[in-house]
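S.K.: Mind having a look at this structure? Questions to follow.
The values are calculated or read from the model by the stated rules, or taken from the named source; none is laboratory data. Just so it is clear, the structure is predicted and the values come from calculations on it, not from any experiment. We place every Cβ from the backbone using ideal geometry, glycine too, and count neighbours over all the protein chains shown.
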Amino acid sequence: MRDVAPLSTDSYAGTRARVAGYFDGTATRVWERLTSDAPVSRIRQTVREGRDTMRALMLAQLPDDLHGARVLDAGCGTGAMAAELAARGADVVAVDISPRLVEIAGARLPEGLPGRVRFAAGDMLDPALGRFDHVLGMDSLIYYTAPDLCAALDGLALRSGQVVFTVAPRTALLMAMWHAGKLFPRADRSPVMVPQDWRRLQVAGLGRVGRVSRGFYISECLEVRA
Ligand SMILES: C[S@@+](CC[C@H](N)C(=O)[O-])C[C@H]1O[C@@H](n2cnc3c(N)ncnc32)[C@H](O)[C@@H]1O
């Protein structure tokens, strides 16, 4: 078992609090709609399509048959990934810092799936959630600074054989938006998204899976293997 540097709790907790306030407040209804079949603007439609593609890419990194596997959906949002994992037979823990999103995810979970899902409102890094064969973190670590991201990944990798997650890549567009302050929060907007150069992330066993770029959705899939 590897030693892990302690998480820089001030900055991690600060980011987590902003994320929780956003997803559990102003953004709950927007997020609920974006992750449904309801009509959305053309821009949001590209985001929805990009996210569907990313979810499929992430799931493709796991075995098709997940019977007997314990999987953490880290930052589950409204629960689309958790439902897909349970459809493959997994025993899923779906955790999110936003209790309102967890409630929506629970209400949306189809009945009769071969696997099961236990929902929890809280921090995805809570060791009390236990150990897992796989961890999936889709767009849930994109708000954390590189040191906090690396510490979070170290912690998750200690309790799992495989962590598949996404970051916002340092593309020209995202970096221009970052410098122009467009990725910074306003009262009614998303918390800060931090573009990352994955090659600079100091995490053992880190590898690149691939990028999804669809309209306004740009996200890079990475994985950590024990
Ligand atoms: C952009 S949403 C993505 C949700 C979901 N993974 C999906 O792809 O639909 C990011 C989610 O991560 C959650 N999140 C961020 N940091 C978290 C943390 N430290 N612990 C638990 N959930 C967290 C947020 O509350 C939010 O629901």
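S.K.: Residue check, Ala87 against (1) of a type outside the set (Ser, Thr, Tyr); (2) at pLDDT 95 or above; (3) within 12 Å of the ligand (Cβ to nearest atom), all met but one. Which one?
M.R.: For Ala87, the exception is condition (3).
S.K.: Just for segment 63-76: of the residues that are within 15 Å of the ligand (Cβ to nearest atom) and part of a loop (DSSP other than H, G, I, E, B), which one is surrounded by the most Cβ atoms within 10 Å (Cβ to Cβ)?
M.R.: Cys76
S.K.: Also: May I ask you to list the residues in segment 27-52 that are within 12 Å of the ligand (Cβ to nearest atom) and either crowded, with 16+ Cβ neighbours inside 10 Å or farther than 26 Å from Leu153 by Cα (or both)?
M.R.: Within segment 27-52, Ala27, Thr28, Val30, Trp31, Glu32, Leu34, Thr35, Ser36, Val47, Arg48, Gly50, Arg51 qualify.
S.K.: Filter segment 110-125 down to the residues that are within 8 Å of the ligand (Cβ to nearest atom), without any contact (Cβ under 8 Å) to a residue 60 or more places away in the chain and closer than 18 Å to Ser160 by Cα and list them by number.
M.R.: Listed by number, the list holds a single entry, Met124.
S.K.: For the subset of segment 152-161 comprising residues that are within 12 Å of the ligand (Cβ to nearest atom) and crowded, with 21+ Cβ neighbours inside 10 Å, which member is nearest to Arg16 (Cα to Cα)?
M.R.: Ala152
S.K.: A further question follows. Which residue pairs have Cβ atoms closer than 8 Å, lie 6 or more positions apart in sequence or on different chains, and pair a first residue in segment 137-148 that is free of Cβ contacts under 8 Å to residues at least 60 places away in the same chain with a second residue that is more than 7 Å from the ligand (Cβ to nearest atom) and among the aliphatic types (A, V, I, L, M)?
M.R.: Close Cβ pairs (under 8 Å, with a partner that is more than 7 Å from the ligand (Cβ to nearest atom) and among the aliphatic types (A, V, I, L, M)) amount to Ala146/Val194; Ala146/Leu201.
S.K.: Against the conditions (1) outside any helix (DSSP H, G or I); (2) near the ligand (Cβ under 10 Å from one of its atoms); (3) among the hydroxyl-bearing types (Ser, Thr, Tyr), where does Tyr12 fall short? Just the number, please.
M.R.: Looking at each condition in turn, Tyr12 falls short on (1).
S.K.: Let me ask something else about it. Step by step: first the residues of segment 102-149, then only those that are among the charged types (D, E, K, R) and surrounded by fewer than 15 Cβ atoms within 10 Å (Cβ to Cβ), then the one that is nearest to Arg18 (Cα to Cα). Which residue is that?
M.R.: Asp126
S.K.: Could you give every pair whose Cβ atoms fall below 8 Å, whose first residue belongs to segment 10-23 and is more than 20 Å from Arg100 (Cα to Cα), and whose second residue is more than 7 Å from the ligand (Cβ to nearest atom) and among the β-branched types (Val, Ile, Thr), counting only separations of at least 6 or pairs across chains?
M.R.: Listed by first residue and then by second, the contacts come to Ser11/Thr145.
S.K.: Which of the residues belonging to segment 103-162 are among the polar types (S, T, N, Q), assigned to a strand (DSSP E or B) and under 15 Å from the mean Cα position of the chain (by Cα)? Walk me through how you get there before you give the answer.
M.R.: Pass one, segment 103-162, residues among the polar types (S, T, N, Q): 140, 145, 160, 162.
Checking which are assigned to a strand (DSSP E or B) leaves us with 160, 162.
Gln162 - this is the single residue of segment 103-162 that is among the polar types (S, T, N, Q), assigned to a strand (DSSP E or B) and under 15 Å from the mean Cα position of the chain (by Cα).
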